[in-house]
1. I'd like the Karplus ³J(HN,Hα) series for region 90-95: coefficients 6.51, -1.76, 1.60, θ = phi - 60°, whole numbers in Hz, and an x wherever there's a Gly or Pro.
2. Using modelled backbone amide H atoms (1.01 Å from N, in-plane), which distant-in-sequence or interchain residues come within less than 5 Å of V68's amide H?
3. Quick query: amide H of V30 versus all other amide H atoms, modeled in the peptide plane; which residues come in under 5 Å with a sequence gap of 5 or more or a different chain?
4. Tell me which residues come under 5 Å, amide H to amide H, from K94 once H is placed; ignore anything under 5 positions away on its chain.
5. The list [x] 13.6, 39; [y] 14.4, 48; [z] 14.6, 57 gives values of Rg and Dmax of the Cα atoms in Å, and only one came from this structure; which label was calculated from it?
6. From the backbone phi of region 50-61, what are the Karplus-calculated ³J(HN,Hα) couplings (6.51 cos²θ - 1.76 cosθ + 1.60, θ = phi - 60°) in whole Hz, Gly and Pro given as x?
7. Give the aspartates and glutamates whose C-alpha is closer than 15 Å to that of K106, dropping any in the same chain fewer than 8 places away, or say none.
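Bear in mind that the values in this text are calculations on the coordinates, not laboratory data. Because the structure is predicted, anything quoted here is derived from the model rather than measured.
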Amino acid sequence: MPYFYKRGNMGKQFTVIDEEFKCSHCGALVPKLGYSCRDHCNKCLYSKHVDINPGDRASDCMGDLVPVGIEPNSKKGYMIIYKCQKCGAIRKNKAAEDDNYDLILKLSANPMI
């Protein structure tokens with residue numbers, strides 16, 4: 001069951017959800033991450049625009065979040081940059097240990113948006 005926690009000084013509530021799901025882009029069965037929350041497919045890196053704040057499932061958009069770039073972060077590692085195909089929103093999320101590293105390398109060659 002999801003639970004809430006505060007993150008940093010942002011004061012926003014985040015819902016922790018780590019569950020298995022089927023990727024709507026490539027059809028892969030995506031396993032639980034186990035050490036954090038999974039929000040994207042580890043095979044194709046696509047995600048869904050379902051959240052306003054991480055884990056809240058409050059977005060009505062439901063568009064595909066397409067991985068468009070990578071941003072290195074000294075504290076979090078690689079951050080995958082997404083652009084929603086439906087509404088154009090830009091989102092970022094931390095890459096997982098089991099993500100497709102070949103795709104991460106390809107994304108790193110993309111100019112930043």
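1. 9, 9, 10, 8, 5, 5
2. So V68 has HN proximity to I81, Y82, K83.
3. Hits under the 5 Å cutoff: F21, K22, C23.
4. I80
5. Answer by label: [x].
6. The phi angles translate into 10, 10, 8, 10, x, x, 7, 6, 9, 7, 8, 4 Hz.
7. Partners within reach: E71.
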